[in-house]
1. Which of the residues spanning segment 1-18 are in a loop (DSSP other than H, G, I, E, B) and either hydroxyl-bearing (Ser, Thr, Tyr) or over 12 Å from the mean Cα position of the chain (by Cα) (or both)?
2. Does PRO21 satisfy the criteria of being surrounded by 14 or more Cβ atoms within 10 Å (Cβ to Cβ), modelled with pLDDT of 85 or more, touching a Phe, Trp or Tyr at 6+ places or on another chain (Cβ under 6 Å) and assigned to a loop (DSSP other than H, G, I, E, B)?
3. Within segment 45-76, how many residues turn out to be outside any helix (DSSP H, G or I) and closer than 14 Å to VAL3 by Cβ?
4. Between a residue in segment 85-99 that is acidic (Asp, Glu) and any residue that is surrounded by 10 or more Cβ atoms within 10 Å (Cβ to Cβ), which pairs come within a Cβ distance under 9 Å, given they are 6 or more apart or on different chains?
5. Given the criteria among the aliphatic types (A, V, I, L, M), out of contact with any helix residue (DSSP H, G or I) (no Cβ under 9 Å at 6 or more places or on another chain) and at pLDDT 85 or above, does ALA11 qualify?
6. From ARG84, ARG127, grab the single residue that is part of a strand (DSSP E or B) and modelled with pLDDT under 85.
7. Just one of the numbered conditions (1) surrounded by 10 or more Cβ atoms within 10 Å (Cβ to Cβ); (2) closer than 22 Å to THR19 by Cα; (3) modelled with pLDDT of 90 or more; (4) not β-branched (Val, Ile, Thr) is not true of GLU51; which one?
8. Starting from residues that are free of Cβ contacts under 8 Å to residues at least 24 places away in the same chain and among the hydrophobic types (A, V, I, L, M, F, W, C), keep the ones in segment 62-81 and report whichever is nearest to GLY48 (Cα to Cα).
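The values are calculated or read from the model by the stated rules, or taken from the named source; none is laboratory data. What you see is a predicted model; the values in this text were computed from it and never measured. Every residue, glycine among them, receives a Cβ derived from its backbone with ideal geometry; neighbour counts consider all protein chains shown.
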Amino acid sequence: MFVDGQNLFHAARAAFDRTYPDYDVHALGRAICASNGWAPSEIRFYTGLPEPSDNVRWYRFWMAKLAAMGRQGVYVVSRPLRYRNQTVRLPDGTEHTVLVGEEKGIDVVDLRRTVDRDGPGDRPPGRIASWTIVTAGGVHDLAR
């Protein structure tokens, strides 16, 4: 199962009005698999991290959360956020430029590597039969 951390956070915020990433990725992955009759083989979590010099609180939070996920057996992939200036228009019509951290396709790159490594079909016994991706749009099963 591939889980995009940013999409999961935004989906949880929209669905449950959660403003803090207190979800349990391991439990979520196991629950999704169980509800679909699948045997979980691997859960992968992808996220961007703020640099400690940009936001030490969130950097420490995510380092601890990713370490806890790793101890649960979740395969964790992270990389530093990329920052760019973004101009926003306020309700009074004024514009301000703010620095915004962005995550750029880290999950898609690894999904592509996994597909390339495991091949498009013809899997040996014991290999996963599909990949599941959790996004803000829902749970997507990509049968091979």
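1. Taking segment 1-18 first, the residues in a loop (DSSP other than H, G, I, E, B) are 1, 17-18.
Result: ASP17, ARG18.
2. Numbers: surrounded by 14 or more Cβ atoms within 10 Å (Cβ to Cβ): yes; modelled with pLDDT of 85 or more: yes; touching a Phe, Trp or Tyr at 6+ places or on another chain (Cβ under 6 Å): yes; assigned to a loop (DSSP other than H, G, I, E, B): yes.
Yes.
3. So the answer is 9.
4. From segment 85-99, the pairs are GLU95/VAL88.
5. Details: among the aliphatic types (A, V, I, L, M): yes; out of contact with any helix residue (DSSP H, G or I) (no Cβ under 9 Å at 6 or more places or on another chain): yes; at pLDDT 85 or above: no.
In short, no.
6. On the way: ARG127 fails: part of a strand (DSSP E or B).
Exactly one of ARG84, ARG127 is part of a strand (DSSP E or B) and modelled with pLDDT under 85, namely ARG84.
7. The failed condition is (3).
8. Restricting attention to segment 62-81, the residues satisfying the condition of being free of Cβ contacts under 8 Å to residues at least 24 places away in the same chain are 62-64, 66-68, 70-71.
If we keep only those that are among the hydrophobic types (A, V, I, L, M, F, W, C) as well, we get 62-64, 66-68.
Values: TRP62: 9, MET63: 11, ALA64: 14, LEU66: 11, ALA67: 14, ALA68: 16 Å.
Top of the filtered list is TRP62.
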